[in-house]
Amino acid sequence: MAISRMSNASQFAVAALLAVAMLVTRGTHFASIDALPSASWAVFFLAGVYLRPLWGFAAFFALASLIDFSLLEAGRITQWCLSPAYWALVPAYGSLWFAGRVYANCHRNELSTLLPLGLCLIAGACVAYMCSGGGFYFFSGRYADPSIAGFLPRIAQYLSPHIGYLAMYVAVAGVMHMGVRELTNPRVATSR
């Protein structure tokens, strides 16, 4: 299946799967048997890859915010993360969306597409962390006297797991993409 030529129905199905992934994983941050790491970064990256309408970004940001504020209201999370710095998530998620868009333009159904995929994932994740982690550190009011020197160790501590979870979920999506492509490939169907 060519990403750029996906039907509206296929895009709707992808959007629904991404929404379910966000609903199931958002609000939990550490992998365990009953709690998967958040798929939010991957959702925004994959939405950028697969969904053509630009309003999709706003819809997924609204969904993420609805989940967060619902969890706060239900007492499942505290106000610690929901500070004025919360809005730094707009450029953070926007960078992941944009990285997905860039990758969609590079995508080919070949192994050589893994290099641009990796570069887009890393670049998108780095910018996203600088926006989200940096925004929280510098603008949340939770840290006395924030400084670049105080932020640098946080990058080393938190960026790597974010990239790992992003790569894990994108790999799962890649396997699903290949499976759907094989099932819908006319050459495979006619050779049987």
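Which residue, Glu110, Glu73, Glu182, tops the fluctuation ranking in a GNM of the chain built on C-alpha contacts under 10 Å?
Of Glu110, Glu73, Glu182, the Gaussian network model singles out Glu110 as fluctuating most.
So how do 170-180, 86-96 stack up, highest first, on mean other-Cβ count within 10 Å?
86-96, 170-180
Express the Stokes-Einstein translational diffusion coefficient of the stretch 99-188 in µm² s⁻¹, to the nearest whole number, given a Kirkwood radius over alpha-carbon pairs, 10 °C and a viscosity of 1.306 mPa s.
D, rounded to a whole number, is 104 µm²/s.
Return the carbon/sulfur percentage of the accessible area of the stretch 33-192, one whole number, probe 1.4 Å, all protein chains in place.
70
Are there trypsin sites (Lys or Arg not before Pro) in the stretch 51-109 that DSSP puts in a loop and that have at most 14 other Cβ atoms within 10 Å, and which ones?
Here the sparse-neighbourhood loop sites are Arg76, Arg108.
Which value, in Å², gives the accessible area per residue of the stretch 121-192 when a 1.4 Å probe is used on the protein heavy atoms?
61
Using DSSP H assignments, which helices in the chain have an axial alpha-carbon span of 18 Å or above and a mean Kyte-Doolittle hydropathy of 1.0 or higher?
Membrane-span-like by this criterion, though nothing is claimed about a membrane: 8-25, 55-73, 114-139.
Only one of the values [x] 8, 28, 26, 19, 12, 6, 2, 0; [y] 9, 35, 37, 17, 2; [z] 9, 34, 35, 16, 5, 1, 0 was calculated from this structure for P(r) over Cα pairs in 10 Å bins from 0, in percent; name its label.
[z]
Mind putting a number on the dipole of the stretch 61-165 about its Cα centre? Charges go on the C-beta only, +1 for Lys and Arg and -1 for Asp and Glu, and I need it in Debye to the nearest 20.
Charge dipole, the stretch 61-165, about its Cα centre: 100 debye, nearest 20.
Relative contact order, percent, of the chain when contacts are C-alpha pairs under 8 Å separated by at least 6 residues?
Once normalised by length, the contact order is 23 percent.
The values are calculated or read from the model by the stated rules, or taken from the named source; none is laboratory data. Everything numeric in this text was worked out from a predicted model, so none of it was measured. Please note: Cβ atoms are built from the backbone with ideal geometry, for glycine as well, and neighbour counts cover all protein chains shown. Accessible surface is based on the protein model in full, side chains and every heavy atom, while ligands, DNA and RNA are left aside. Shrake-Rupley method; radii C 1.70, N 1.55, O 1.52, S 1.80 Å.
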